[in-house]
Amino acid sequence: MDEMDCFPELKGYYIVMDNAPIHTAGQIDEMMVARGYRSIYLPPYSPELNPIEQFWSIVKNKVKRSSFEATEDLATRIAEACNGVPPKHLQAFVQHSTNCFEICLRGEPL
């Protein structure tokens, strides 16, 4: 939220979260409302509705690709993996989640 606070036009936007215990603590919703945001929670076990899950899946595979070199560290490997995901993939992740969301709204199984 600190980053979002830098952009006043984002006030009133929804922050989408999964049901991780840290996200469902009562103080989180109160803090978001106090700062001008709203929350919405994804159904349990629905990574297909969350584009960041698809992103992290690719990043994890890139990070695990091989043993670390003597001069390489985890932070560097993660940064390289994140930077290596092309923008067109990010757009595809969002489109996939949007398609899955529409399927859910129709009551169809994923």
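The values are calculated or read from the model by the stated rules, or taken from the named source; none is laboratory data. No experiment lies behind these values; they were computed from the predicted model shown. Every residue, glycine as well, gets a Cβ built from its backbone with ideal geometry; the counts of neighbours run over all protein chains shown.
Residue pairs whose Cβ atoms lie under 7 Å apart, sitting 6 or more positions apart in sequence or on different chains, and linking a residue in the stretch 84-107 that is closer than 30 Å to R65 by Cβ to a partner that is charged (D, E, K, R), are G84/K62; S97/E48; C100/E48.
Counting only helices (runs of 4 or more DSSP H) that fall entirely inside the stretch 1-64 and contain at least 1 residues that are at negative phi and touching a helix residue (DSSP H, G or I) at 6+ places or on another chain (Cβ under 7 Å), the qualifying elements are 2-5, 51-63.
Taking A79 as the residue in question, decide whether it is of a type in the set (A, V, I, L, M, F, W, C), out of contact with any His (no Cβ under 6 Å at 6 or more places or on another chain), in a helix (DSSP H, G or I) and outside the structural domain of L10 (by TED's automatic domain parsing). Spelling it out, A79 is indeed of a type in the set (A, V, I, L, M, F, W, C), out of contact with any His (no Cβ under 6 Å at 6 or more places or on another chain), in a helix (DSSP H, G or I) and outside the structural domain of L10 (by TED's automatic domain parsing).
Restricted to the stretch 39-70, and to residues there that are out of contact with any Cys (no Cβ under 7 Å at 6 or more places or on another chain) and among the acidic types (D, E), the residue that is nearest to M4 (Cα to Cα) is E53. Would a scan of the stretch 87-110 turn up a residue that is among the acidic types (D, E) and surrounded by 12 or more Cβ atoms within 10 Å (Cβ to Cβ)? The answer is no, given that none of the residues of the stretch 87-110 is among the acidic types (D, E) and surrounded by 12 or more Cβ atoms within 10 Å (Cβ to Cβ).
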